[in-house]
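Trainee: Mind having a look at this structure? Questions to follow.
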Amino acid sequence: MAMIVPLGDVSDSDLPLVGGKAGKLGELVRHGLPVPPGIVVTTEAYAAFVDGTELRTIVPEALRSIDPTAPATVEAASERIRSAFESVPFPPGLRDEIAAAYETFCRQQAVKFSAVRSSATAEDLEGASFAGLQETFLNVAGTDHVLEAIRKCWGSLFTPRVLVYRQAKGFDHAGVRLAVLIQKMVDATVSGILFTRDPNTGENHMIVEAGWGLGEAIVGGEVTPDHYVIDGATQKIVHKQIAEQRVRVVRADGGGNRREDVPAADRARQKLPDARLLRLVSLARLIESNYRRPMDVEWCGDETALYIVQARPVTTIPTSTAPGAGPAAPMDAGEAPIVRGFGASPGVAGGVARLLRGAAEMEKLRAGEVLVTTMTTPDMVPAMSRAAGIVTDEGGMTCHAAIVSRELGVPCVVGTRDATRSIADGTEVTVDGKTGSVYRGRRPAAVGSAPAAATSGAPAGAHESAPVTATKILVNVGVPEKAEEYARLPVAGVGLLRIEFIFTAHVREHPLALLKKGKKEELVRRLADGVGKVCQAFHPRPVIVRTSDFKTNEYRGMPGGEPFEPVEENPMIGWRGCSRYVSPVYRPAFECELEAIHRVRSDLGLKNAMVMLPFVRNTTELEEIAGTMREAGLRRSRDFKLYLMAEVPSTVFLAREFSKHCDGFSIGSNDLTQLVLGADRDSETLGRMGYFDERDPAVLSAISMLIAGAHAEGRTVGICGQGPSVYPEFAEFLVREGIDSISLNADTVLTTMRTIASLEQRMKLDGVRGRS
């Protein structure tokens, strides 16, 4: 495995090697978006540094010493680990390899200053952004300083705030690695953040914030940025709020950052002229189109161009009532709020106001109190997690306080300018995170408030606000660690659990390599543990486990994979899915997957585990696979169902024939679109030209044909892509065609349920009118 790779050679599928930040930026480079050039010091280099030094014993010893109820043990463990990262010598050869790669990059790209950025394997994920928690160093000059910054990035994987946040989000400390992204530094005159959908209300508006200089001042909440709202449908600017900015962060002479006063003539000037703002919006539309979900985008610009420097899923699209938030109720309409700001995280919460001057005073805040401060910092996450509400003087919709409070489901108001002066310590207040108002006294709700949003998981009260739908709604589960959270959603079960995610997160080695080492039991146990965790959380609701669908290029990149994987010109339509299972080479690994699922059903008694086969091409392979499954103790019956992914057009044309071998189908809209339209889903050129679209009439015709054929044989049809949540007209088409189930990412479940319930009610009324 490579220690250093070019940014343009990686993508989302390389997350275990390059982390979330680098993987997503590499994906954007491949789609032609303007991203500063870079290289990635991979997680293999991190592992070589840890395994080749005394860190291999220091890290686990320190982590074992942590008592989650004793903050002092977290601090002590963190200090021990980070000190070791910054002081132990590099293993022989590793320092020279990184230095040579960096110096080559500098020569090729004319780099004088670099941005050295952490990119963890548990970062920029759905439900967990890890916003601002790992280190970034800007305007770094010289090889020695870059190597020092890399050490500090690695060590930042174990700061107290990261340890606390990772535990809250259910990530295993020992299983997380960190890559380091090194990019050519943009000498930014303006920077900011953009949401492709309003993260506070979920409305189809783009939110753009912009400030002078580097973006650190905005994210850190040191300044209140310009705030622009763009209508998502018409792409017109519908609102501008120009903020006065007195201070900005810029490059210091010789490297590093410095703060300087903004010239008086620029302080109240619009940071992004309309033409430049709309150019940024067009870039954001391309990013959202690529990911087919709302995105949180960091950007910057110099005198001539705009650049994308980060893109991650919006982890907090509103769904239902936040924990502790009161229901909507009228108040005295004449009562004026103490302060107003931006509603950054919806919900209504009351409590005693506690003024904090910084992280050093965190212990003053008791559980259930309202945190009032100039601006939160990443070190304050432990206090934020126990606050009933959060109010800040500075910041916008994209500052640290806003992002983290939305993930925690805590009502938050930012950018009030003078909350720390207007709110007295120890008095009772009510925070309305939807309207951006703070009122005197403790109240169940504020003027104009509505049931609040919560995180992308399963907030308290989700069941009460969920409508009933005739179309069955399921949820997709990525990593087992999120199962307990997602199981609280009002869904009928799991429509897609990709077993390859368990391979990458829990197994982390090519299955055939493990078998060659005689580690079959370890492989089966790890797979069974991951699948079992999800089945236990959702029991007795069904969990559809899709067996592995790695492509050869993905499997080849796993540790130990190269000897077993051929190099294919087009792996997307190569040796993948069911063709692997009937191959004598891969069949032993497939049998381990089946054994793990059988163990979950028999040893753990979790009969809700079902199987779905990916990339099915013909019925001949199905018959052979069915035999292998029977030998593993998995036989179709009343309590064990077998589903097929409908991705290859042959399953559409011969739906009735395929129905004889399964209990139902699940449409894989990305692959089906690719093969119906002959449009490579990874083609940057075709993507920019708009060829890849699941709403194309040919794709819709194929879906109609599949539903009709399957229903004629008494089989169900579902879909497990993002299309129905991103495109309401696509959801309407599916429901009108009689789709049986739709499986969604957790953060879109409730909003899409409401869309579908409304549609079904309209269809019912249309039917009544048609009969009258």
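Trainee: On full extension of the chain, what length is gained from residue 270 through residue 641, given 0.36 nm per residue of separation minus the C-alpha to C-alpha distance?
Mentor: My answer for the length gained is 127.6 nm.
Trainee: How big is the charge dipole of segment 619-678 about its Cα centre, in debye rounded to the nearest 20, if each Lys and Arg gets +1 on its Cβ and each Asp and Glu gets -1 on its Cβ?
Mentor: That gives segment 619-678 a dipole magnitude of about 300 debye.
Trainee: Which number comes out as Rg/Rh for the chain once both Rg and the Kirkwood Rh are worked out on C-alpha atoms?
Mentor: Over the Cα atoms of the chain, Rg/Rh equals 0.96.
Trainee: Rounded to the nearest angstrom and ordered from largest down, what semi-axes does the equivalent ellipsoid of segment 1-99 get from its C-alpha gyration tensor (root of 5λ)?
Mentor: 31, 18, 10
Trainee: State the answer as a single residue: which of 578, 535, 588 lies farthest towards the positive end of the charge dipole of segment 527-618, with beta carbon charges of +1 for Lys and Arg and -1 for Asp and Glu, about the Cα centre.
Mentor: Farthest along the dipole direction, towards plus: 535.
Trainee: Treat every Asp and Glu Cβ in the chain as -1 and every Lys and Arg Cβ as +1, leave all other atoms uncharged, and give the resulting dipole magnitude about the Cα centre to the nearest 20 debye.
Mentor: Charge dipole, the chain, about its Cα centre: 1340 debye, nearest 20.
Trainee: Taking a virtual spin label 7 Å from the Cα of residue 2 along the C-beta vector, which residues in segment 498-524 bring their backbone nitrogen under 20 Å of it?
Mentor: The answer is 509-510, whose backbone nitrogens lie closer than 20 Å to the label point.
Trainee: Separate question: Relative to the present Cα-Cα distance, how much length would full extension add between residue 521 and residue 440 at 0.36 nm per residue of separation?
Mentor: Contour length minus Cα-Cα distance gives 23.0 nm.
Trainee: Let me ask another. Tell me which residues come under 5 Å, amide H to amide H, from residue 719 once H is placed; ignore anything under 5 positions away on its chain.
Mentor: The list, which skips near neighbours in sequence, is 667, 741, 742, 743.
Trainee: Along the charge dipole of the chain, Cβ charges K/R +1 and D/E -1, which of 555, 29, 374 sits furthest on the positive end?
Mentor: Of the listed residues, the answer is 374.
Trainee: Another question, if that's okay. Compare the Cα positions of 138, 396, 494 along the charge dipole of the chain (+1 at Cβ of Lys, Arg; -1 at Cβ of Asp, Glu; about the Cα centre) and return the one farthest towards the positive end.
Mentor: Comparing the listed Cα positions along the dipole, 494 ranks first.
Trainee: Could you pull out every residue, at least 5 positions away or on a different chain, whose amide H is within less than 5 Å of the one on residue 645? Hs are placed 1.01 Å off N in the peptide plane, and Pro or chain starts have none.
Mentor: Long-range HN contacts for residue 645: 613, 615, 616, 666.
Trainee: With an 8 Å Cα cut-off and a minimum separation of 6 or more residues, compute the relative contact order for the chain in percent.
Mentor: 10
Trainee: Roughly how many nanometres apart are two label points built 7 Å out from the Cα toward the Cβ at residue 304 and residue 352?
Mentor: My value for the distance between the label points is 6.0 nm.
Trainee: Further question on the same structure: Can you list the HN-Hα couplings for segment 601-614, worked out from phi with the Karplus curve (6.51, -1.76, 1.60; θ = phi - 60°), rounded to whole Hz and with x for Gly and Pro?
Mentor: Per residue, the Karplus-derived 3J(HN,Hα) values read 6, 8, 5, 8, x, 9, 6, 7, 7, 10, 10, 10, 9, x Hz.
Trainee: Which FRET efficiency value, to the nearest 0.05, do you get for residue 75 and residue 148 by plugging their Cβ-Cβ distance into 1/(1 + (r/R0)^6) with R0 = 25 Å?
Mentor: After rounding to 0.05, the efficiency reads 0.60.
Read-outs throughout are calculated quantities, based only on the coordinates presented, and are distinct from any laboratory measurement. Source: prediction; values computed, not measured. Methodologically, a virtual Cβ is constructed for each residue, glycine included, from the backbone with ideal geometry; neighbour enumeration extends over all protein chains shown.
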